[in-house]
Amino acid sequence: MYIDYTNFAVQLILYNNTMNKTVLIALMLLVAANLSSQVCETTVDGKKLEKEKMEKTDYIPAIHGTIRAKYEYQIATNENRFQVRNARFSITGNVLPIVAYKAEIDLSDQGTIRMLDAYTRIFPVKHIDFTIGQMRVPFTIDAHRSPHLLFFANRSFIAKQVGDVRDVGATLAYSRKDFALPFVLEGGVFSGAGLINQKEWRKTLNYSLKGQLGFAKGFNLVLSNQMIKPEDITIQMYDIGINFNNKKMHLEAEYLYKTYSNGAHEAVHAFNTFASYYIPLKKIFHQMSLGARYDMMTDHSDGRNFDKETSLLPTTDFARHRITGGITFSFTKLFTADIRLNYEKYFYQGGTPKASEQDKIVIEFMTRF
């Protein structure tokens with residue numbers, strides 16, 4: 001049956017005055033879902049990312065989405081909850097062979113609607129791309145992963161507390177995957193005001209630098225540096241990570257060092273390491289993955305609420321260690337339709353445990369389309 005999607009989209013726009021905006025956005029995304037698909041490019045270690053590539057002939061938009069719904073039981077407090085962690089949709093495409101775009105929204109980022117990515121990417125010459133707009137800052141390994149690429153139900157401390165930054169700015173990337181040692185180099189400057197306060201004028205721009213090197217088959221080395229200034233204090237972060245991936249397993253280790261100007265807070269050390277082993281299955285599920293993770297962080301400050309009397313920043317996340325064990329059942333290839341069962345054990349070193357950062361069992365259903 002033929003459907004005139006263009007006419008349908010026009011009718012939706014005309015109906016905007018009486019229709020709830022959230023519903024309108026969702027319906028327009030569903031319209032785009034009927035269009036053909038076109039994405040993606042790979043990193044030096046072969047991992048697929050949501051990254052536009054140069055298209056010579058096909059300019060039809062592509063839509064992708066991630067739904068993550070989970071049940072959690074917190075043992076320490078004898079509490080439980082259901083949660084839609086993500087209901088994320090993105091549209092990518094090209095308007096010219098050298099001009100691409102991406103717009104991504106999360107209709108339920110822990111119950112909150114957030115606009116995430118909104119940028120234009122230009123390919124001026126081969127191997128180089130320029131991006132301007134709203135995006136995740138190129139920094140670290142785990143913090144840069146999209147939700148559907150996570151190996152565990154909850155992000156590492158590096159990805160969630162210490163190194164997670166999304167901002168508005170511009171980046172320049174140079175990649176060579178045709179070399180014996182493939183690499184990607186990225187650098188960018190950002191306003192530092194985050195996603196909400198984009199009208200603010202800033203005297204200092206933030207910056208981020210990231211390099212990836214595929215030094216052996218399956219191995220990927222990542223080095224990155226970032227400077228941010230949330231308010232009065234300048235923060236420098238340095239990160240080094242390495243991972244290995246093949247058809248049987250994924251191994252990864254990452255260390256992040258974070259410093260604050262004028263000694264406003266003690267330096268932060270954060271570490272994340274994990275292993276995931278894949279076991280093929282023949283019935284119902286395509287694959288089972290066994291995973292184990294250890295991550296830790298020392299006392300951490302997000303760089304806000306500087307006390308001018310004491311010249312110190314408050315600690316927003318107290319030092320803790322965590323051990324996570326998990327099993328993932330995949331209906332098809334990993335990161336497409338997965339069921340995860342995780343157990344997290346926390347070890348605090350003083351301070352008050354966060355309400356949702358205590359021993360827990362998590363069952364998560366993740367669907368990627």
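Once the Cα-Cα distance is subtracted from the 0.36 nm per residue extended length, the Leu251 to Ala216 segment shows a gain of 11.2 nm. With θ taken as phi - 60° and the Karplus curve 6.51 cos²θ - 1.76 cosθ + 1.60 applied, the whole-hertz 3J(HN,Hα) list for region 198-211 is 6, 7, 5, 8, 10, 7, 10, 8, 7, 9, 8, 10, 8, x Hz, x standing for glycine and proline. Annotation for Ile128 and Lys345: the two label points, set 7 Å from Cα along the Cα-Cβ direction, are 5.3 nm apart. Taking amide H positions as modeled 1.01 Å from N, with prolines and chain starts lacking one, the residues under 5 Å from His286 and 5 or more places away or on another chain are Ser330, Phe331, Thr332. Fully extending the segment from Ala275 to Met115, taken as 0.36 nm per residue of separation minus the present Cα-Cα distance, adds 54.4 nm. Summary value for region 57-127: 26 percent relative contact order, contacts being C-alpha pairs under 8 angstrom separated by 6+ residues. Springs between Cα atoms under 10 Å define the GNM used for the chain, and in it the highest mean-square fluctuation of Gly65, Gly218, Gly192 occurs at Gly218. With a cut-off of 13 Å between beta carbons, the residues surrounding Arg322 carry a summed charge of +2, where Lys and Arg count +1 and Asp and Glu -1. For Arg81 and Thr352, the difference between the fully extended length at 0.36 nm per residue and the C-alpha to C-alpha distance is 95.4 nm. When the Gaussian network model of the chain links Cα atoms closer than 10 Å, the mean-square fluctuations of Lys102, Lys248, Lys70 top out at Lys248.
Once you've got the Cα coordinates, tell me which of Lys217/Lys282; Lys177/Lys360; Lys102/Lys282; Lys177/Lys229; Lys70/Lys217; Lys258/Lys345 are over 31 Å apart. Correct reply: Lys177/Lys360; Lys102/Lys282; Lys177/Lys229; Lys70/Lys217. The helix-based estimate of mean residue ellipticity at 222 nm for the chain, built from -39,500 (n - 2.57) per DSSP H run of four or more residues and divided by its residue count, is -2000 deg cm²/dmol to the nearest 500.
With R₀ fixed at 45 Å, the C-beta to C-beta distance from Lys333 to Glu309 puts the FRET efficiency at about 0.20. Model label sites at Phe179 and Tyr71, defined 7 Å from Cα along the beta-carbon direction, differ in position by 5.0 nm. For Phe306, neighbours were defined as the other residues whose beta-carbon sits under 15 Å from its Cβ, and their charges (Lys and Arg +1, Asp and Glu -1) total -3. Only Cα pairs under 8 Å and 6+ residues apart enter the sum, and on that basis the relative contact order of the chain stands at 12 percent. Under a Gaussian network description of the chain, with springs only between Cα atoms under 10 Å, the residue in Arg136, Arg202, Arg322 that fluctuates furthest is Arg202.
Distances between placed amide hydrogens fall under 5 Å for Thr316 paired with His300, Ser301, Asp302, all partners being 5 or more residues away or on another chain.
The aspartates and glutamates whose alpha-carbon is closer than 14 Å to the alpha-carbon of Lys247, local same-chain residues fewer than 8 away aside, are Asp45. With the simple spin-label model, which puts each label point 7 Å out from Cα in the Cβ direction, the Tyr59 to Thr234 separation comes to 4.5 nm.
Compute the Cα gyration tensor for region 211-369, then decide on rounded, prolate or oblate, letting a ≥ b ≥ c be the square roots of its eigenvalues: rounded whenever a/c is under 1.5, prolate when a/b is larger than b/c in the other cases, and oblate in all that remain. Judged from the Cα gyration tensor, region 211-369 comes out prolate (a/c at least 1.5, a/b above b/c).
No value in this document is a laboratory result; all are computed from the given coordinates. None of the values given here were measured: they were computed from a predicted structure. Counting neighbours? That spans all protein chains shown, and the Cβs are built from the backbone with ideal geometry, glycine included.
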